[in-house]
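J.: Starting off with a structure, shown below.
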Amino acid sequence: MGAPASSPAVSAAVAEFALRMGDNCLILGHRNSEWCGHSPALEEDIALANTALDLIGQTQLWLGLACEAEGKGRTPDNLAFLRDVSGYRNLLLVEQPNGDFGRTLMRQYLFDAWHLPLLKALMGSADRRIAEIAEKASKEVAYHLERSADLVVRLGDGTAESHARMQAALDFLWPYTGEMFLADALDEELAATGLAPEPASLKPAWQEHVGRTLADATLKVPEKSFAQKGGRRGVHSEHLGYILAEMQFLQRAYPGASW
Amino acid sequence: MYAQMVKTDTKRVRSLDEMEPQERAFQERIDAGQKIEPKEWMPEDYRKTLIRQISQHAHSEIVGQLPEGNWISRAPTLERKAILLAKVQDEAGHGLYLYCAAETLGISRDQMYEQLHSGKAKYSSIFNYPTLSWADIGAIGWLVDGAAIMNQVPLQRCSYGPYARAMVRICKEESFHQRQGFDIMTVLAKGTPEQKAMAQDALDRWWWPSLMMFGPSDDASVHSAQSMAWKIKQNSNDELRQKFVDQTVPQAKYLGLTVPDPALKWNEEKGGHDFGEPDWNEFFAVIAGEGPCNRERLEARRKAWNDGAWFRDGLTAHAEKQAARRQASRIAAE
Ligand SMILES: [Fe+2]
Ligand SMILES: [Fe+2]
C-alpha cells in the first residue's frame, strides 16, 4: 500500500475524505431506493434501483477506506449505522427529499455532472487506494451521468408540464450546488499533497456540462447564486436526521446484534 | 401461486376426436412437446387463458416489489441493503419479461396496467400481507420465493414459447432470492433471543399464506384440467403444495424454528408430510380484496402510475418532436 499508513496525519485526511465520498453515495443511494416500486415506469424502477445499487457498492468501498485510514478498528457498517447527523459529511444536495420524479432526476444529474469529473481527477490521486476506488466508480458514474443528462434533456424539452416541473426542480436545487466547489482546510491539504483535486478546479467542467445539457433541455440556468453549505462540517438540513432514524433503526434498537 | 386460480372458458376438456382439424393439429403439437410461437394459430381460449395467467404473474412481480421495498431503507447492514436492492430490482425485471411475453399475445402493457388498477386483474394473494419486521424479508425469500420456484421450474417447459423462455431467465434468479432469504433467517435464528423470536414470529405469520399461494385443491377443476391439457400448467396445486412442505419442513428444523401447524407430521407410508388445511375463507377474502394490505398495494400502484403520467407524456412528446425535427431536416436537405 502507499505512503498514508506510515504517516498518521495523511491517514486522518484520507479517512475524512473517504467519509465525504462515502456519505454522498450512501445518502443519495438511500434517497433513490425510496422510489423502489413507486416510480413512473417499470424501466425507471429498474434503472433507479440499479443506480442505488452502484452507489451503495461505492459506499462500501469508500467507508472501507475510511475505516482503514482511520485505524480505529471500526467497520463500514459502524460508520453507516452508528454515526449521528453531525458525524455525516455528505453534501446537502443529496439529502434533499425526492420531491416529484423530476426533482429526483435533476438532483441526480447535478450530482453526476460533478461526481464524474471528481472521480476522473481522483484516478490520479497520490494514494493508490483512492485511485483504485475512483477508477471502479467512474465507470458506473459515467453511465449514471449519461442517463440522467439524457432524461433531463428529454423532459425539459417534452411537454409544457414536464418543462415546468424540470425548471422548478432546477430552481429548487440550484442553491445546493455551490457547496460542491467550496474548499476548507482539509481540501487545501488534500490538494497540496496530491490526494484530491481542489474543489474549485472541477467547476469549469461541471459548468460546461450543465450549461450544454440545460440548453438542450430548453431550461434556464437560475441567476441567483447563493450557496447553502455545511454538509462537510456536519451541519446539515433537517432532513438528514429522518433519513438516519430510518436507516439506523435496527442497529440502534438491537445494539451489538449481527445481521 | 403467482398466478392463482386462472380461469379458462372451458366447460369440459374435449378429446382429439371431438376437435376441428385445425385445433386437433394444435393439440397434437402440444402433446408432442412442441412449443407454440406468437405468430402461429392458437385457439382463442388458449390465448385468453395465457394472457390471464401471464399478466397475473407479471402483476405479482411488480406488486411484490412493495412489501420488500418497504425494508430497503431500513436494511440492517450495507451488504443486506445491496442484496435486497438487487433482489427487488430482479423482481421488477421479472415483471418486464412477463409483460413482454404477454404482449406477444396481442395485449399492451398499458391495457394490462389498466386491468390491474381497476381491480379487474388479480395478483398473488401473498403480497397482500404486511412486512412488519426484518425477519419478514428473510421469510419472504425463504418461503415465498421458495414456493414460486416450485411452480416456475415446471413452467420452463410450458407450451407457449415466450412464456417458457421468460421462465428460464426468471428461474436463474429465483434460487438466489431463496438463498438470501434463508441466509437472513439463519443469521436471525442463531442470533440473540430477540432475533430468534423475530424469526419465529415471521414464520408464524408467513407459513399459512405461503401454503395458500398454491391455491385451493384443483383436482376437480375443469380449468386446471384444460390448462394441463394445454401444458400451461404441469402439476396440481396439491402436488406442488406437498412438495413445498416436504422441502421446507427440514429447513425449519435446521433453523430451530417451529412450523405453526399442530397437524404436521411425517407419514412414512406416503413418504411425505401430513399437514393441516389452510384457512381457505381467509384466502378467498384476500383474493376478493379484503386482505390486510390489498388497499395499500393497489393504491400505491395507482399513485405511481397517476403521478408518473407527466413523465411518460414528456418522454413521448420529446420523441415526437425529435422525429418531426429529423423529418424537417430531411426535407430541407432534399
Ligand atoms: Fe420473481
Ligand atoms: Fe423472486
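The values are calculated or read from the model by the stated rules, or taken from the named source; none is laboratory data. A quick note: this is a predicted structure, and the numbers were derived from the prediction, not measured. Methodologically, a virtual Cβ is constructed for each residue, glycine included, from the backbone with ideal geometry; neighbour enumeration extends over all protein chains shown. Just so you know, the surface numbers come from the protein's heavy atoms only, side chains and all, with ligands and any DNA or RNA stripped out. Shrake-Rupley method; radii C 1.70, N 1.55, O 1.52, S 1.80 Å.
J.: List the pairs whose first member sits in segment A:168-179 and is open to solvent by 10 Å² or more (accessible area, probe 1.4 Å), whose second member is at pLDDT below 95 and of a type in the set (Phe, Trp, Tyr), and whose Cβ atoms are under 7 Å apart, counting only residues at least 6 apart or on separate chains?
T.: Sorted first by the residue in segment A:168-179, then by its partner, the pairs are A:PRO175/A:PHE226.
J.: Can you name the residue in segment A:43-77 that is open to solvent by 40 Å² or more (accessible area, probe 1.4 Å) and more than 10 Å from every other protein chain (Cβ to nearest Cβ) and, of all such residues, is modelled with the highest pLDDT?
T.: Restricting to residues being open to solvent by 40 Å² or more (accessible area, probe 1.4 Å) and more than 10 Å from every other protein chain (Cβ to nearest Cβ), the top hit is A:LEU61.
J.: Quick test for you: out of A:GLN248, A:GLN228, pick the one residue that is modelled with pLDDT under 95 and either open to solvent by less than 80 Å² (accessible area, probe 1.4 Å) or under 18 Å from the mean Cα position of the chain (by Cα) (or both).
T.: After applying the criteria, what remains is A:GLN228.
J.: Any residue in segment B:93-107 that is polar (S, T, N, Q) sitting within a Cβ distance under 6 Å of a residue that is more than 11 Å from ligand 1 (Cβ to nearest atom)? List the pairs, counting only those 6 or more apart or interchain.
T.: Sorted first by the residue in segment B:93-107, then by its partner, the pairs are B:THR104/B:PRO38; B:THR104/B:PRO162.
J.: With in contact (Cβ under 8 Å) with a residue 24 or more places away in the chain and within 11 Å of ligand 1 (Cβ to nearest atom) as the only criterion, which of B:ILE170, B:ILE137, B:ILE126 stands out?
T.: Details: B:ILE137 fails: within 11 Å of ligand 1 (Cβ to nearest atom); B:ILE126 fails: within 11 Å of ligand 1 (Cβ to nearest atom).
Just a single option satisfies the conditions, and that option is B:ILE170.
J.: Examine segment B:70-85 for a residue that is open to solvent by 20 Å² or more (accessible area, probe 1.4 Å), within 16 Å of ligand 2 (Cβ to nearest atom) and in contact with a Pro (Cβ under 9 Å, 6 or more places away or on another chain), and state whether such a residue exists.
T.: Within segment B:70-85, one or more residues are open to solvent by 20 Å² or more (accessible area, probe 1.4 Å), within 16 Å of ligand 2 (Cβ to nearest atom) and in contact with a Pro (Cβ under 9 Å, 6 or more places away or on another chain).
J.: Anything in segment B:268-314 that is within 8 Å of chain A (Cβ to nearest Cβ), aromatic (Phe, Trp, Tyr) and touching a Ser or Thr at 6+ places or on another chain (Cβ under 9 Å)? List them, or say none.
T.: B:TRP310, B:PHE311
J.: So, of the residues in segment B:125-166 that are within 12 Å of ligand 2 (Cβ to nearest atom) and farther than 15 Å from B:PRO209 by Cα, which turns out to be surrounded by the most Cβ atoms within 10 Å (Cβ to Cβ)?
T.: Going through the qualifying residues, I end up with B:ASN151.
J.: Say we look at segment B:81-104 and pick out the residues that are within 10 Å of chain A (Cβ to nearest Cβ) and of a type in the set (A, V, I, L, M); which of these is farthest from ligand 1 (Cβ to nearest atom)?
T.: Selected residue: B:ALA82.
J.: Also, I was wondering about something else. Would you mind telling me which numbered condition in (1) touching an Asp or Glu at 6+ places or on another chain (Cβ under 8 Å); (2) closer than 22 Å to A:GLY231 by Cα; (3) free of Cβ contacts under 8 Å to residues at least 24 places away in the same chain A:LEU195 fails?
T.: In the conditions (1) touching an Asp or Glu at 6+ places or on another chain (Cβ under 8 Å); (2) closer than 22 Å to A:GLY231 by Cα; (3) free of Cβ contacts under 8 Å to residues at least 24 places away in the same chain, A:LEU195 misses (3) alone.
J.: Pull up segment A:208-224, narrow it to residues that are open to solvent by less than 30 Å² (accessible area, probe 1.4 Å) and assigned to a loop (DSSP other than H, G, I, E, B), then point me to the one that is nearest to A:LEU116 (Cα to Cα).
T.: Restricting to residues being open to solvent by less than 30 Å² (accessible area, probe 1.4 Å) and assigned to a loop (DSSP other than H, G, I, E, B), the top hit is A:ALA217.
J.: Can you pull out every residue in segment B:250-269 that is in contact with a strand residue (DSSP E or B) (Cβ under 7 Å, 6 or more places away or on another chain) and open to solvent by 100 Å² or more (accessible area, probe 1.4 Å)?
T.: Scanning segment B:250-269 gives B:LYS265, B:TRP266.
J.: Checking B:PRO67 against (1) open to solvent by less than 10 Å² (accessible area, probe 1.4 Å); (2) away from ligand 1 (no atom under 16 Å from the Cβ); (3) in contact with a Lys or Arg (Cβ under 9 Å, 6 or more places away or on another chain), only one condition comes out false. Which one?
T.: Going through (1) open to solvent by less than 10 Å² (accessible area, probe 1.4 Å); (2) away from ligand 1 (no atom under 16 Å from the Cβ); (3) in contact with a Lys or Arg (Cβ under 9 Å, 6 or more places away or on another chain) one by one, B:PRO67 breaks only (2).
J.: Within segment B:296-334, which residues are of a type in the set (Gly, Ala, Ser) and under 20 Å from B:LEU116 (Cα atoms)?
T.: B:ALA300, B:ALA304, B:GLY308, B:ALA309
J.: So which residues in segment B:174-195 are open to solvent by less than 50 Å² (accessible area, probe 1.4 Å) and touching a residue at least 60 places away in the same chain (Cβ under 8 Å), if there are any at all?
T.: The answer is B:HIS177, B:GLN180, B:PHE182, B:ILE184, B:MET185, B:THR186, B:ALA189, B:GLN195.
J.: What is the number of the single condition among (1) more than 14 Å from chain A (Cβ to nearest Cβ); (2) within 16 Å of ligand 2 (Cβ to nearest atom); (3) open to solvent by 50 Å² or more (accessible area, probe 1.4 Å); (4) not hydroxyl-bearing (Ser, Thr, Tyr) that B:ARG52 does not meet?
T.: The failed condition is (2).
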